[in-house]
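Peer 1: Quick one: this structure, given as C-alpha cells, is what I'll be asking you about.
A short reminder: the numbers here are calculations on the coordinates, not readings from a lab. What you see is a predicted model, and the numbers here were worked out from it, not measured in a lab. Glycine also receives a Cβ, built like all others from the backbone with ideal geometry; neighbour counts cover every protein chain displayed.
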Amino acid sequence: MAINYNEKTQEFHLYNGEISYVFTILKNNQLGQLYFGKRIRHRESFSHMLQLRGCVLAPHTFKDDLNFSLEVIKQEYPAYGTGDYRSPAYQLTMENGSRITNYEYKSHEIYKGKKELQGLPATYGEKSDVTTLSIRMFDDQIHSDMIISYHIFEEHPVITRDVKFVNKGSEKLVIERAMSTSMDFYDSDFEMVQLDGAWSRERHVNKRKLQNGIQSVGSRRGGSSASHNPFIALKREETTENQGEVYGFSLVYSGNFLAQAEVDDYDVTRVLLGIHPFEFEWTLLEGQSFQTPEAVMVYSDKGLNGMSQAFHNLFKEHLIRGYWKDKVRPVLINNWEATYFDFTEDSILEIAEKSKDLGIKLFVLDDGWFGKRNNDHTSLGDWHVDYTKLPNGIEGIAQKITDKGLRFGLWFEPEMINEISDLYKEHEDWIIGDPGRKRTYGRNQFVLDFSNKDVVDYLFEKMSDILKSSNISYIKWDMNRNITEAFSAKLPANRQKEFFHRYILGVYDLYDRLNAAFPYILFESCASGGARFDPGMLYYAPQTWTSDDTDAVERLKIQYGTSMVYPLSSIGSHVSAIPNHQVSRETPLKMRADVAYFGTFGYELDVTKLTPEEEHIVSEQIKFFKKNRELIQQGNFYRLENSEDGRYSWMVISKDQKTAILASYKVWATPNPPLKKVLLQGLNSELNYHCEQRGLNFYGDELMHFGFLNEVEFTGLLQDNFEGEYNPGTDKGDFSSYVYTFEAK
Ligand code: DGJ
C-alpha cells in the first residue's frame, strides 16, 4: 500500500495490491481525476491520461486555451459556476451573495493511519492498515480551506474519502452542498445497481442502464430509509455475481443522503455521494469548520460478490467496533411477535424458561414494558417501568432471566415521544415541529429534537439509570417514524436548514456516550424493521434488525439485497411463527431457519406453543447454528443464484477455505422440471471436501466447475402407469430448502 506523489508531474497515485487511484493537480491548481480501477503499474507520469481536448464553444478557463475547459475535464471535487455545467460537488454562498469560489491546491500531507471524524462514524485502522492523503485546497479571497482526504487500506480494494471546510476568514460562509465524494468516470457504459424498498420489503435489488442526464436515489426522510439504501454500484452490463467490473459506493451516514450518477454530453459519468443538498445548509463563521461524512468506494473485477466481500471485510474489520466486533453473537429470542404489548412477568418467564431448554442464550424484551404502553398510542418518552406488567421492575425480570442462565436484552425507542406521556406534558418544546402549527403523526408518535443537546442529555441519563440498575447485556434501539415538519425550536432562523444533519449528529452522540459507558452491551439498531440499515449505524451497533418481514420467502429477497453491502454478522434474522404475521404465508419451520441462519439468528415466536416435534427441530437448529456461527459470521459470503422462478442459493466459506455451508431454496415447485446444479465459489481446488448431508466427498475444483447437483425435484407420479425402478424426485412441493456442510479432510 502506498501513496505516491510525483512532484514533477504533480500526480498522486494511491495503490495497493488490488487497486490504483490516480489524479493530478491541474493547470488551474484544482484536482483532475485520471483513473480508478484495477491496480496498474506505477510510472513516471500519467499525464497522457488527461487527454485535454477542446470544443469551439466550450467555456475555457485560460484565455485562448480552448483545450482547458472544465466542462470536459474529469475532476475530483468540482465547483459550481466554472463552465462545468454538471452537478457540482459543493456550493457555498458568501456574504455578498456570490456563489463563486476558487479553491486551489496549496499543500498536502501523507501519513500512516487515519484520524477520527469528530462526531461522525467512520472507518478506522492502525498505521499498518491504512494510509491517508489530505490535500489542502485554499480560496484566498474568503480565506477558507477545503481539506479533501483520501484513505487507502492495505488489504481492501477500497478508497474512502471525506471533505472538511474550514473558515479562516472573517466573512460568513454558507455551505449549500458538500458531497463526501465526487468521481468522474471515463465512460457511461454502466448499469446502476440500487437497493430499494419500503417497510417490510427493504433492500430489493434493482438495476437500470445509465442514460444521459441524472439518475439518483436518496432520502429526505431524516433517516437513511427503507426506500433507498445509501449505496449505489456501477456495473458493466456483462458483470455477473462472480465476474466483471463493478464500482460500489456506500455512505457512512444515517441521515438524508443523495447518491447520483450523471452522464454528460461526452458520456462521462459523474457519481456524487453525500448528504442530500435538499433542505441542507451549514453556516460557517470565522474559525468554524464542517466535516462531511465518509464515502467508501470499492472497485471489484470479481463481480458483485467481489464488491460485496470488499464491503463486508472492510466493515467487519474497520467499521464495526467494540467488545462484540469479533465475538460470536448469542442466539436470541425476542417476544415481539409472540406477545406484542400483551405480556406479564409470568408469561415472559415462561417463554424464557422454554427458550433456555431449547438452547437460546439471550432473551429480548421488546416494546411495551414502560409507562402505560398497552398499544402504540402511548408512553414513548416515559422510560420508567410499567409495574402492572412487571411487578419486580426491569431489575427483577432481568435478574430472574439471568438466573436461568440467559442474558437479558431490552427495547428502547429513545428518539420518540407520544402525546400521551408525562414527557409531553413537561417538554412539548422538545418535539420537532413548528410550534403553533399542526404536527404530522407517524405511528401515533412524534420525533424528539435530537439537534437539542438537552434532549440527548436527558435520554442518556434516563437510559443509563435503567442500564446501571439492571443486568442488561443487549439493547434494541428502534426508530419507528420519519421526520416531518423539520423545525427545531432551539435553532435560530438562519440555522434551520442545519436541522437534519444536527439531528443525526445527536443520535450519534447518544449512541457514542452509551457505547462508552456500557462497553459490553450488544446494540442492535432498528427502524420499523430495516429502515436505518446503513454503515453509520454499524459503527455504534454491530447488528441491525433487517426487516419486520420475517416470512422466509420475503426474507430471501431482503437478505439477498442486504448482503450486497452488509456482512452476515450484521443481518438480524429471526425464525417466526406461521401463518406469517406480515404476509400470512405458511412455510416450513426448516425453511424459516435455513434462511435465518444467514444472519445473526434468533427466534421471534411463542416457544411455549411449539409441539414436542417442533421443539426437537428448534433445538437441533440451534445446535446447528451454534456449531457453524463462527463460519457464518466471519467467512466469505457468495450469492450464487437468484432466479426469476424463485430459486435462490448462496454459500459461506471460511477464510482458510476448509469449511463451507451451501444453502439452496426453492420457492415454487415446477411441473416436470429440468435438473439443476449450482456452481460453488471460493473453494480450494486441491482440497477434498466431505458433504455430510450427501455422505460424499468432492474436490473443490469439481464443485466449482462441474458444480453441485440439486436435489431431484418431484416430476409427477401416475402410479398405475409405472413399473420397476423410477425416480420421481424427492424435493416436493413449494417452499423447500436444503443446507449442506462441506468440511475439507
Ligand atoms: C418495530 C420493530 O421493527 C419491531 O421489531 C418491534 O420492535 C416494534 N417496532 C415494536 O414497536
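Peer 1: Rounded to a whole number, what is D in µm²/s for segment 641-744 from Stokes-Einstein with the Kirkwood radius over alpha-carbon pairs (20 °C, 1.002 mPa s)?
Peer 2: 144
Peer 1: Sort 335-341, 116-122 by the packing proxy (mean of other Cβ within 10 Å over each peptide's residues), most packed first.
Peer 2: Result, highest mean Cβ count within 10 Å first: 335-341, 116-122.
Peer 1: Sticking with this structure for a sec: Most exposed first by the Cβ proxy, i.e. fewest other Cβ within 10 Å, how do TRP477, TRP383 rank? Could the numbers behind the result be given before it?
Peer 2: Numbers: TRP477 25, TRP383 22.
Ranking TRP477, TRP383 by Cβ neighbours within 10 Å, fewest first, gives TRP383, TRP477.
Peer 1: Using θ = phi - 60° and the Karplus relation 6.51 cos²θ - 1.76 cosθ + 1.60, list the HN-Hα couplings for segment 610-615 in order, rounded to whole Hz, with x at every Gly or Pro.
Peer 2: Going residue by residue, I get 6, 6, x, 5, 5, 4 Hz, with x marking Gly and Pro.
Peer 1: Explain nothing, just compute: Karplus ³J(HN,Hα) = 6.51 cos²θ - 1.76 cosθ + 1.60, θ = phi - 60°, for every residue of segment 506-519 in order, whole Hz, x for Gly and Pro.
Peer 2: x, 4, 4, 4, 5, 4, 4, 5, 5, 4, 5, 6, 10, x
Peer 1: What full-extension length gain, to one decimal in nm, is calculated for ILE40 and GLN288 as 0.36 nm per residue of separation minus the Cα-Cα distance?
Peer 2: Taking ILE40 through GLN288 to full extension adds about 85.3 nm, to one decimal.
Peer 1: Where nothing but the Cβ of Lys and Arg (+1) and of Asp and Glu (-1) is charged, how large is the charge dipole of the chain around its Cα centre, in debye to the nearest 20?
Peer 2: Here the chain has a charge dipole of around 1060 debye.
Peer 1: What FRET efficiency, computed as 1/(1 + (r/R0)^6) with R0 = 35 Å and r the Cβ-Cβ distance, is obtained for THR730 and ARG585, rounded to the nearest 0.05? List each step's numbers first, then the result.
Peer 2: Details: r = 23 Å, r/R0 = 0.65.
Computed FRET efficiency for THR730 and ARG585: 0.95.
Peer 1: May I ask for the net charge around ARG43, where only other residues with Cβ less than 14 Å from the Cβ of ARG43 are counted and Lys, Arg are +1 while Asp, Glu are -1? If you can, show how the numbers build up before the last one.
Peer 2: Numbers: positive: LYS8, ARG39, ARG41; negative: GLU11, GLU44.
My count for the surroundings of ARG43 gives +1.
Peer 1: Let me ask another. For the chain, build the charge dipole from Cβ charges (+1 Lys, Arg; -1 Asp, Glu) around the Cα centre, then report which of LEU272, THR93, ILE25 sits farthest towards its positive end.
Peer 2: Of the listed residues, the answer is ILE25.
Peer 1: Among 82-90, 439-447, 727-735, 311-319, how do they line up from the highest to the lowest mean number of other beta-carbon atoms within 10 Å?
Peer 2: Final packing ranking: 311-319, 82-90, 439-447, 727-735.
Peer 1: Let me ask something else about it. Taking 0.36 nm per residue of separation and subtracting the Cα-Cα distance, what length does fully extending ARG53 through GLU154 add?
Peer 2: Between ARG53 and GLU154, full extension yields 32.8 nm more.
Peer 1: I would also like to ask the following. For segment 241-311, what's the radius of gyration and Dmax over Cα atoms, in angstrom?
Peer 2: Here Rg and the maximum Cα pair distance are 15.8, 51 Å.
Peer 1: How large is the direction-averaged shadow of the alpha-carbon convex hull of the chain, in nm²?
Peer 2: Convex hull of Cα atoms, orientation-averaged projection: 35.6 nm².
Peer 1: Quick query: amide H of LEU31 versus all other amide H atoms, modeled in the peptide plane; which residues come in under 5 Å with a sequence gap of 5 or more or a different chain?
Peer 2: For LEU31, whose amide H was placed from the backbone, the distant partners under 5 Å are LEU26, GLU76, TYR77.
Peer 1: Sorted by average packing, counted as other Cβ atoms within 10 angstrom per residue and highest first, what order do 478-487, 268-277, 512-521 take?
Peer 2: Output ranking for 478-487, 268-277, 512-521: 268-277, 478-487, 512-521.
Peer 1: Per residue of segment 705-712, what does 6.51 cos²θ - 1.76 cosθ + 1.60 with θ = phi - 60° give for ³J(HN,Hα)? Whole Hz please, x for Gly and Pro, Karplus curve as stated.
Peer 2: 10, 7, x, 10, 6, 5, 4, 6
Peer 1: Ok, one more. Given the alpha-carbon gyration tensor of segment 2-318, what are the semi-axes of its equivalent ellipsoid in whole angstrom, ordered largest first, with each equal to the square root of 5 times an eigenvalue?
Peer 2: 27, 23, 21
Peer 1: Sort THR388, THR131, THR9, THR546 so that the residue with the fewest other Cβ atoms within 10 Å of its own Cβ comes first and the one with the most comes last. Walk me through the intermediate numbers first.
Peer 2: Working: THR388 9, THR131 22, THR9 14, THR546 26.
The order, fewest Cβ neighbours first, is THR388, THR9, THR131, THR546.
Peer 1: Computed FRET efficiency, Cβ-Cβ of LYS655 and ALA198, R0 35 Å: what is it to the nearest 0.05? Please report the intermediate quantities before stating the final value.
Peer 2: On the way: r = 36 Å, r/R0 = 1.02.
FRET efficiency, LYS655 to ALA198: 0.45.
Peer 1: About its Cα centre, how strong a charge dipole does segment 1-112 have in debye, to the nearest 20, once Lys and Arg get +1 and Asp and Glu get -1 at the Cβ?
Peer 2: Charge dipole, segment 1-112, about its Cα centre: 340 debye, nearest 20.
Peer 1: Under 5 Å between amide H atoms, partner at least 5 residues away or on a different chain: which partners does VAL130 have, H built in plane at 1.01 Å?
Peer 2: Under 5 Å from the amide H of VAL130: GLY113, GLU154.
Peer 1: Determine the relative contact order of the chain: mean sequence separation of Cα pairs under 8 Å and six or more apart, normalised by residue count, in whole percent. Don't skip to the answer; put the middle values down first.
Peer 2: Numbers: 1829 pairs, mean separation 72.0, N = 745.
Value for the chain: 10 percent.
Peer 1: Of HIS377, SER219, GLY536, which is farthest along the charge dipole of the chain in the positive direction, counting Lys and Arg as +1 and Asp and Glu as -1 at C-beta?
Peer 2: Toward the positive end, the furthest listed residue is GLY536.
Peer 1: Here's something else I'd like to know. What's the exposure ranking of ASP129, ASP140, going from fewest to most Cβ atoms within 10 Å? Mind showing how you got there, number by number?
Peer 2: On the way: ASP129 20, ASP140 11.
Lowest count first: ASP140, ASP129.
Peer 1: While we're looking at this one, here's another question. Which one, THR181, ALA527, GLY729, is farthest towards the positive end of the dipole of the chain when Lys and Arg carry +1 and Asp and Glu -1 on their Cβ?
Peer 2: THR181
Peer 1: So if each residue of separation counts as 0.36 nm, and I subtract the Cα-Cα distance between LEU675 and ARG321, what length gain in nm does that give?
Peer 2: Contour length minus the Cα-Cα distance gives 122.9 nm.
Peer 1: I've got another one for you. Calculate the FRET efficiency for GLU743 and SER98 from the Cβ-Cβ distance with a Förster distance of 51 Å, rounded to the nearest 0.05.
Peer 2: Numbers: r = 68 Å, r/R0 = 1.33.
With a Förster radius of 51 Å, E is 0.15.
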